[in-house]
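A.B. asks: Have a look at this one before I ask anything.
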Amino acid sequence: MARLNSKAVAAAVVLAAVVLMMAGREASAALSCGQVDSKLAPCVAYVTGRASSISKECCSGVQGLNGMARSSSDRKIACRCLKSLATSIKSINMGKVSGVPGKCGVSVPFPISMSTNCDTVN
């Protein structure tokens, strides 16, 4: 039987550990509704009519969320979270909501609407 080089075994163990750590990061990197809610909280005053214009903080949150939702899976999660958040806010104006990304210079790959089927979001 061939004798294994101890340096090669050590390198293989280190490589396996790095791969496992990276896999764990990818799994934990999924977007959460808490993150969506937090990013969009500054927009609530505008979409409920308590503010006449969009704040810089709102646009910063929208841009940050757009940067976080890079994968199809993240965009589906964001869509579901947006719909859930919208149903929890009294006096929400969905017309204003749908216009927020554009006013913040962000292009969203799905319509911001309660009728959007989040399962079809890419």
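What follows is calculated from the coordinates using simple rules that are stated; it is not laboratory data. Every value quoted in this text rests on a predicted model; they were computed, and no experiment measured them. Counting neighbours? That spans all protein chains shown, and the Cβs are built from the backbone with ideal geometry, glycine included.
A.B. asks: Just add up the charged neighbours of VAL36: K/R +1, D/E -1, any other residue whose Cβ is under 13 Å from the Cβ of VAL36. The partial results should precede the final answer.
C.D. replies: Working: positive: LYS39, ARG75, LYS76, ARG80, LYS83; negative: ASP37, ASP74.
That sum, taken over residues with Cβ under 13 Å, equals +3.
A.B. asks: Sticking with this structure for a sec: Below 28 Å, Cα to Cα, which lysines can LYS56 reach? Residues fewer than 8 away in the same chain don't count.
C.D. replies: LYS39, LYS76, LYS83, LYS90, LYS96, LYS103
A.B. asks: Which order do the peptides 37-44, 54-61, 113-120 come out in when sorted by mean C-beta neighbours inside 10 angstrom, highest first?
C.D. replies: Values: 37-44: 18.2, 54-61: 16.2, 113-120: 11.2.
Most protected by this proxy first, the peptides run 37-44, 54-61, 113-120.
A.B. asks: Oh, and also: Please compute the contact order of the range 46-103 in relative form: average sequence separation of alpha-carbon pairs under 8 Å and at least six residues apart, divided by the residue count, as a percent.
C.D. replies: Details: 27 pairs, mean separation 33.6, N = 58.
It rounds to 58 percent for the range 46-103.
A.B. asks: Label-point separation (nm) for ARG50 and SER84, each offset 7 Å from Cα along Cα-to-Cβ?
C.D. replies: About 2.2 nm separates the two model spin labels.
A.B. asks: OK, next. Tell me the net charge near ILE92. Cut-off is 12 Å between Cβ atoms, ILE92 excluded, with +1 for each Lys or Arg and -1 for each Asp or Glu. Please list the in-between numbers first.
C.D. replies: Values: positive: ARG50, LYS83, LYS90, LYS96; negative: none.
Local charge sum for ILE92: +4.
A.B. asks: If you don't mind, another one. What distance in nm separates the two pseudo spin-label positions at ARG70 and SER38, each 7 Å out from Cα along the beta-carbon direction?
C.D. replies: 1.9 nm
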